[in-house]
Every structure is written in C-alpha cells, then in structure tokens.
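**Q** Handing you this structure, nothing more for now.
The values are calculated or read from the model by the stated rules, or taken from the named source; none is laboratory data. Everything numeric in this text was worked out from a predicted model, so none of it was measured. Virtual Cβ from ideal backbone geometry, glycine too; neighbours counted across all protein chains shown. What goes into the accessible areas is simple: the full protein's heavy atoms, side chains included, and nothing from ligands, DNA or RNA. Shrake-Rupley method; radii C 1.70, N 1.55, O 1.52, S 1.80 Å.
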Amino acid sequence: MTLEEVDGTNSTEQKMETVSQAVEELLVAAQRQDCLTVGVYESAKLMNVDPDSVVLCLLATDEEDEDDIALQIHFTLLQAFCCDNDINIVRVSGVRRLSQLLGEDTEDSNGNEPRDLHCILVTNPPVQPLQCQALQHISSFCEQSRCSNQWVPYLELRDG
C-alpha cells in the first residue's frame, strides 16, 4: 500500500488545490503576455485558424450554467476538437474567480455586457513561447488525468 492510498483524500485535495493555483498563475501570466483568447465564439475561431498555438483550453461553468443546453453543446464540440488536436483541456467551476483574476467587471463603463468567460484559451506565442512552471504543472496534471481515463479533468477555483 502506498502513502497516497493510505492518505488519499488529503493528497488528492492538496494536489487539486496546487493545480488550481497553477491555473490561476498561468492565466495571470498569459494575460500579461497577451496570450489569452476569451469567449466561446472567439476561441472556436482561433482553434479553427491556428490550433497549434493553443496550449490549454479552460471551460468554465457555475451551477446556473449547468442547464444551458447551448453552452453544453458548445463545450462538447470544443472538447472533441481539443482531444482531436492534442490540446490540454480542463473544466473549472468559479466563473466569478476567473473574473477576479482577469480584472473583469460585471459591466464595463459603457454598460456593455462582460466578456464571455465560459471558454478561455491560453496560446503560445511563436516568438517567445510560454515557459512557466504553472503551464508544465497543468500539462502534467492533464496527462495524468488522461492516463486514468479522465479526458477532461475538473477543478474548482475558489474566490480569493
């Protein structure tokens, strides 16, 4: 019996918390380097044009989004595309936390709707690729999840 088997709950929770923190770090770093594409429609357009530039796809929902059939259909199509193109994909809860991380307001100064944070792509710029520990940590997590037949791992982002 391994230590993880003896103390599986704590180590799994701790691992998920570490990966969640890595996602948050990566999003902030990618936004600074202008390597984020935000929105379901915008993400689909980018993946159609340049799927090789995408290193991570985050699909975010909260409880109120679970009954949105159109959103779930979009997610299914995005997940299939990501799997076909070897793009790491993670489902997260915590749209409000994403909004905090990315500095999004509920409405902008013109009264426009906020950006659609249900799908966020992290891209790798061709000139200076993202070389951060957080991305490597998330990629490793996704690979481990696939090895245990969890093709789209799920994380919970907590309000900070």
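**Q** Regarding Gly160, is this residue open to solvent by 60 Å² or more (accessible area, probe 1.4 Å) and modelled with pLDDT under 90? Can you show your working first?
**A** Details: open to solvent by 60 Å² or more (accessible area, probe 1.4 Å): yes; modelled with pLDDT under 90: yes.
Spelling it out, Gly160 is indeed open to solvent by 60 Å² or more (accessible area, probe 1.4 Å) and modelled with pLDDT under 90.
**Q** Return the pair list, or none, for Cβ contacts closer than 8 Å from residues in segment 64-85 that are in contact (Cβ under 8 Å) with a residue 12 or more places away in the chain and more than 22 Å from Arg96 (Cβ to Cβ) to residues that are in a loop (DSSP other than H, G, I, E, B) and open to solvent by 90 Å² or more (accessible area, probe 1.4 Å), at least 6 apart or on different chains.
**A** Gln79/Trp151; Cys83/Trp151
**Q** Test each condition in (1) within 25 Å of Asp159 (Cα to Cα); (2) open to solvent by 40 Å² or more (accessible area, probe 1.4 Å); (3) modelled with pLDDT of 85 or more for Val23 and report the one that comes out false.
**A** Tallying (1) within 25 Å of Asp159 (Cα to Cα); (2) open to solvent by 40 Å² or more (accessible area, probe 1.4 Å); (3) modelled with pLDDT of 85 or more, Val23 fails exactly one: (2).
**Q** Between a residue in segment 118-143 that is under 21 Å from Gln21 (Cβ atoms) and any residue that is modelled with pLDDT under 90 and open to solvent by 40 Å² or more (accessible area, probe 1.4 Å), which pairs come within a Cβ distance under 8 Å, given they are 6 or more apart or on different chains?
**A** Correct list of pairs: Leu130/Gln33; Leu130/Asn124; His137/Thr18; Phe141/Lys15.
**Q** Keeping to segment 26-40, report how many residues are open to solvent by 10 Å² or more (accessible area, probe 1.4 Å) and not charged (D, E, K, R). Let's see the steps before the verdict.
**A** Kept after step one, since they are open to solvent by 10 Å² or more (accessible area, probe 1.4 Å), are these residues of segment 26-40: 28-29, 31-34, 36-38, 40.
Narrowing further to those that are not charged (D, E, K, R): 28-29, 31, 33, 36-38, 40.
Count: 8.
**Q** Mind checking which pairs have a first residue in segment 34-52 that is under 12 Å from Cys119 (Cα atoms) and among the hydrophobic types (A, V, I, L, M, F, W, C) and a second that is open to solvent by 80 Å² or more (accessible area, probe 1.4 Å) and part of a helix (DSSP H, G or I), Cβ under 6 Å, 6 or more apart or different chains?
**A** Val40/His74
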